[in-house]
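The values are calculated or read from the model by the stated rules, or taken from the named source; none is laboratory data. A quick note: this is a predicted structure, and the numbers were derived from the prediction, not measured. All Cβ positions, even for glycine, are placed from backbone atoms using ideal geometry, and neighbour counts span all protein chains on display. We work out accessible area using only protein heavy atoms, side chains counted, and drop any ligands, DNA or RNA first. Shrake-Rupley method; radii C 1.70, N 1.55, O 1.52, S 1.80 Å.
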Amino acid sequence: MEQRKLSVPELKEKCRLLRKHIIEMTTAAGSGHPSSALSMVEILATLYFGGVLRYNAKDPWWRERDRLILSKGHGCPGLYATLAEAGFFPIEDLMTLRQLGSPLEGHPSYRRKLPGIEASTGSLGEGLSIGIGHALAARLDGLGYRVYVILGDGENDEGQVWEAAMAAVHHKVDNLTAIVDFNHRQQTGEMWDVLDIRPLADKWRAFGWETLEIDGHDLEQVADAFARVRRVTGKPQVIIARTVKGKGVSFMEADFSWHGRAAKPEEARKALAELGF
Amino acid sequence: MPLKMGKATRDAFGEALRELGRENPNIVVVDGDVNNSTRTEYFAKEFPDRFWNVGIAESNMVSIAGGLAACGKVPFVASFACFILCNAFDQLRMSVAFPEMNVKVVGSHAGISIGEDGPSQMGIEDVALACALPGFTVVVPADEHATRAATRAIATHNGPCYLRVGRPNVPVVYEDGCHLTLGKAIQLRDGKDVTIIANGIMVAAALEATDLLADQGISARLLDMHTVKPIDEEAIVAAARDTGAMVVAEEHLAHGGLGSVVATAAARLCPVPMGFVNLGDVYAESGAPADLLKKYGLTAVDIVREVQSVLQRK
């Protein structure tokens, strides 16, 4: 099912709205990872509102839907906000994040059957492998869907990511696209201080993936990358998106200690003011 | 009367999986480059399009199976019991158990009876680990016929399962074409003085033990507790009530295996004196299987000794 494709100015506005939801819902919850969600907003907005993903919010388990697996599960406020804006569930539900009884758990939980959530993630390193499973099933069933998996850059520390990288190439899984949200910042500091994984694009290329590098906040570059990977056959593709952790909120951009912290109400007001609300 | 020697349970698993593959096109297999050990090669030869060898990478193998299950496939993933449970435990947790995926996990080369390859290849923690995962059904069949029945049972059960099979040829306990109901123990002998509860290769040893005990005038009931989880509480309660003492025998470490599961049920429902025949709290070593089973206390004689000991506390 084709979604209406937003123009670049409309997408920009959608991104601003998603950032507002992310701040509000994590502040209401009193915890969460807003900065990890803010860095991938343009990627999520392009996937869901830029005509990339094929989905039907009213029939969320439609067999031929494209899949989006958020392997960096801690960034889920961004995905929840996107799914709500796309009509998978009511926007009011966002304010139940992390509360007992809410399917919007602290990390995505598949068994809650929240429309749009394709996998349980939060233990880093597993989403790409799960994505291969979905992609192989598409091949077996003769269905044309594509599978997108968003990974963190720190997640590339996990050995399983590279097990999956090798297997996807060997089995020519070309209906699979990985997106690395390369915000170069993780729980205890800058990536180059924790475990320097550079040059990351060279590593993915060496493993046999079609590898693109883009500015992950430039909507035209993001849309162009998704258009290009779709044309690749015979091998999986990875988009390494250079991003800024906490993008859009100056005090979150400036300090890595925001990894696992929500804004207090006063800080949230400042953040929303910066976003123009 | 000595039991006739049969096939290895891994062989029976491989044959049963191929047969199930003919019946159900949704059955698929992900392999960690040990298909000629686990016998998934039989399936692979007949259904190459439904089989993927992903190399020596158990974590990736298990998570891929989780993704396939989310799309309605019935994936079997098989490797050595130690590698699939210990190496891929977090993937069994996050990609299978927690999202409630219909994945069938098969651990071959379980126990110390693999022999000469030694402790690094021996799965002796696997039952405890599998039982720790919410929603998992855990099955340890006794012989080739029970393994065929168990493979069919887990394939048709909707939910994650762990099936434990072994490397060496083992004695035949059941008739060809026998039936096995998950969660329901099979009573192989009736008796009044004590109940022996066993699974896997210890069932044949326990059968021999019941004969040795009969010679001493001790009447033993024998239950094949092929399903460790969910445990057959009804059979345990009946055994405790009717015989007043129980001995649990398994080819596994002491902690978290069949003995622990039976003892937990018994403590809650029907406490009676109990004894345990298992590996204790140690890693074994290389050696001929029969020598190892003797050295580490997993023979009919060891079961008899434990029964005698528990009867003194009855």
Mind checking which residues of region B:106-129 are on the phi > 0 side of the Ramachandran plot and touching a helix residue (DSSP H, G or I) at 6+ places or on another chain (Cβ under 7 Å)?
B:His109, B:Gly115
In region B:64-88, residue nearest to A:Trp61 (Cα to Cα) [restricted to those that are out of contact with any helix residue (DSSP H, G or I) (no Cβ under 6 Å at 6 or more places or on another chain), within 13 Å of another protein chain (Cβ to nearest Cβ) and in a helix (DSSP H, G or I)]
B:Ala70
Any idea how many residues of region A:120-142 are more than 7 Å from every other protein chain (Cβ to nearest Cβ) and either outside any helix (DSSP H, G or I) or open to solvent by less than 10 Å² (accessible area, probe 1.4 Å) (or both)?
9
Of all residues in region B:121-136, which are open to solvent by 10 Å² or more (accessible area, probe 1.4 Å) and touching a residue at least 40 places away in the same chain (Cβ under 8 Å)?
B:Gln121, B:Glu125, B:Ala128, B:Leu129, B:Cys131, B:Ala132
With respect to A:Lys5, determine if the residue is among the basic types (Lys, Arg) and open to solvent by less than 30 Å² (accessible area, probe 1.4 Å).
no
Name every residue in region A:11-66 that is assigned to a loop (DSSP other than H, G, I, E, B) and hydrophobic (A, V, I, L, M, F, W, C), in order of residue number.
A:Met40, A:Val52, A:Leu53, A:Ala57, A:Trp61, A:Trp62
Within region B:151-177, of all residues that are open to solvent by 30 Å² or more (accessible area, probe 1.4 Å) and closer than 21 Å to B:Asn24 by Cα, the one nearest to the chain's Cα centre (by Cα) is B:Arg152
Please verify whether region B:29-37 includes one or more residues that are open to solvent by 30 Å² or more (accessible area, probe 1.4 Å), more than 19 Å from B:Ala88 (Cβ to Cβ) and of a type outside the set (Asp, Glu).
yes
Members of region A:252-277 found to be at pLDDT 95 or above and farther than 19 Å from A:Met40 by Cβ, listed by number
A:Lys264, A:Pro265, A:Glu266, A:Glu267, A:Ala268, A:Arg269, A:Lys270, A:Leu272, A:Ala273, A:Gly276, A:Phe277
B:Phe76 vs. criteria under 16 Å from B:Leu17 (Cα atoms) and either surrounded by 24 or more Cβ atoms within 10 Å (Cβ to Cβ) or touching an Asp or Glu at 6+ places or on another chain (Cβ under 6 Å) (or both):
yes
Give A:Leu100, A:Leu70 a once-over and let me know the one that is at negative phi, within 14 Å of chain B (Cβ to nearest Cβ) and either among the hydrophobic types (A, V, I, L, M, F, W, C) or open to solvent by less than 30 Å² (accessible area, probe 1.4 Å) (or both).
A:Leu70
